[in-house]
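Values in this text are rule-based calculations from the coordinates and carry no lab data. Because the structure is a prediction, the values reported are computed rather than measured. Heads up, the Cβs are rebuilt from the backbone with ideal geometry, glycines too, and the neighbour counts pull from every protein chain shown.
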Amino acid sequence: MKWPLLFCIVLAQLFLIAANSCLAAAVNPDTHWSGDVEIESPFEVPIGNRLEIDAGTRVIFKSPLASLLVSGELIVSGSPKHPVIFVGIPGATAISFLEKSLGEITNATFSQFDFAVLAAGHSLNVDKSSFSGCGQALRLLKGVNADISASLFENNRIGLNIEMRTFTRVSGNIFKHNSEYGISIGSGGSGLVIENSFQMNNIAILMLRNKTGEIYRNSFEGNKIGINAIQSGGKIQIIGNSFNNNDLSISGESYAYPEISGNNFVENLIAIEGKQYFYGYITHNVFERNGTSLQLTKRSFPEVSFNSFVGGKLSIFLDYSSYPKVNFNNFEMADNIVRLGMHQSADWEAREGSSSLVFKRRQDNQKGNAEKQDVRVPIQEELDFTRNWWGRDNIERLKAREPNQDFLFDRRDLAYLTFESNKTEKYKLDLINFEPWEDSPVAGAGQQ
């Protein structure tokens, strides 16, 4: 018999056993489990067959080789008072859904598995279940249509791993204390992530080389990184979320271009960091009392408009020739509003050997990645910060034509710097162009 490729991949670790080992059993067309069930080796649910596991059942895995292999249908029907309990052992995979399989898991608990659920099936629904102490709680791949709701993912290495053309709706879950990622959405994966809570994860959501994805109305609190988007854009939408007390709420890097709109950022060390050709739209957000609200480096140039920046140490920091368009925003009560780093300089970029010229030569010789070649890098001496409201006191000082403003740090404050490698050669910082400004707060700025 010639086994399907994916089936072989899923079972590879299961066949590293003694030569006389085999599948422990296969279910009849309709089988029920109840009470305590012990599994010591792989157990198969063939195509056309159905296994139902009743409320209160304990499924105990006695060997790392033990696993449920589902080609047919698996129904796990726990209840709030009597969940189905899967008792794991390091190295084991509790359930492997193979191609064309169907799965329904309700009110179940999984603990201490390498993989609690590994799915390449047709359809999978998980509701009101909990996963703890697993390497990967759920790994979804190759076209699974999945719905994950009202479940708890706690103290896993990865809570939910979505990849390979898989679409997943993730709603009403709690992701807490996961050591690598709460959710990882890999290349080709996509999903609707809505109304979940992410608490104290290393990275709450990783988006790696995605073109679509919707992250709506979630809460992120106490995470090292809330959302890390790498080479992700197109139709990536981060809308209506709340970010509180994270080290870094959103990180976009390496040609990421999401839409970040209608979010609330409160008391984060850094609210949004963009680096290495980060662009897209940052609009209608509220930034309150963050250490740094927006940090853009390494030629990042998003459009920043209709946001409200209130309090905090620094509203916007720019370095390494980043040229966003910052218009129609309200800035109030920050210690500093805009500050330029020591390499925010078109003059520095124009020097022989600068990273910009080196990159351009490399880009001219590059033939493979059309998307990267199409990115336009606007190197210019003036930054467009026109049509913003700077706060009542600052507006009065601007009207009085005071020669320098301490809420803006640019060439007016430090005209020339020297290269680290050559202390005699000087270069100029860029200049913030803030005229014309708005004489009253911008209507419609802030969260919508």
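Things to note:
- Proximal aspartates and glutamates relative to Lys325, as straight alpha-carbon distance under 12 Å, when same-chain residues fewer than 8 apart are discounted: Glu303, Glu382, Asp384
- The chain: angle of helix 355-365 to the longest principal axis, Cα-based, in degrees nearest 10: 60 degrees
- What separates the Cα centres of the range 391-414 and the range 286-329 is a distance of 18 Å.
- In nm, spacing of pseudo-spin labels at Asp406 and Thr418 (7 Å Cα→C-beta vector): 2.9 nm
- A Gaussian network model of the chain, with springs between Cα atoms under 10 Å, assigns the largest mean-square fluctuation among Glu253, Glu52, Glu214 to Glu52.
- Linear extension gain, Arg165 paired with Glu425, 0.36 nm per residue minus alpha-carbon span: 88.3 nm
- In percent, rounded to a whole number, the relative contact order of the range 117-234 is 19, using alpha-carbon pairs under 8 Å and six or more apart.
- Over the chain, dividing the summed -39,500 (n - 2.57) contributions of all DSSP H runs of at least 4 residues by the number of residues returns a 222 nm mean residue ellipticity of -2000 deg cm²/dmol.
- Most mobile listed residue (Ile270, Ile203, Ile379) in the chain, GNM with C-alpha springs under 10 Å: Ile379
- Counted by neighbouring Cβ atoms within 10 Å, the residues Trp437, Trp390 run from fewest to most as Trp437, Trp390.
- Taking each residue as 0.36 nm, the span from Gln276 to Lys142 lengthens on full extension beyond its C-alpha to C-alpha distance by 45.2 nm.
- Ile47/Arg289 FRET efficiency (R0 56 Å; Cβ-Cβ; nearest 0.05): 0.45
- Residue with peak Gaussian network fluctuation, the chain [Cα springs, cutoff 10 Å], from Phe287, Phe153, Phe385: Phe385
- Between the range 54-132 and the range 178-223, the alpha-carbon center distance in angstrom: 23 Å
- On the beta carbon distance between Asp54 and Ser179, with R0 = 30 Å, the FRET formula returns roughly 0.35.
- Of Lys211/Lys313; Lys62/Lys128; Lys235/Lys313; Lys224/Lys313; Lys224/Lys428, pairs whose Cα-Cα distance is over 30 Å: Lys211/Lys313; Lys235/Lys313; Lys224/Lys428
- Beta bridges from DSSP with both residues in the chain: antiparallel share about 0 percent, rounded to the nearest 5.
- Over the chain, Cα pairs under 8 Å with separation of 6+ residues give a relative contact order of 6 percent.
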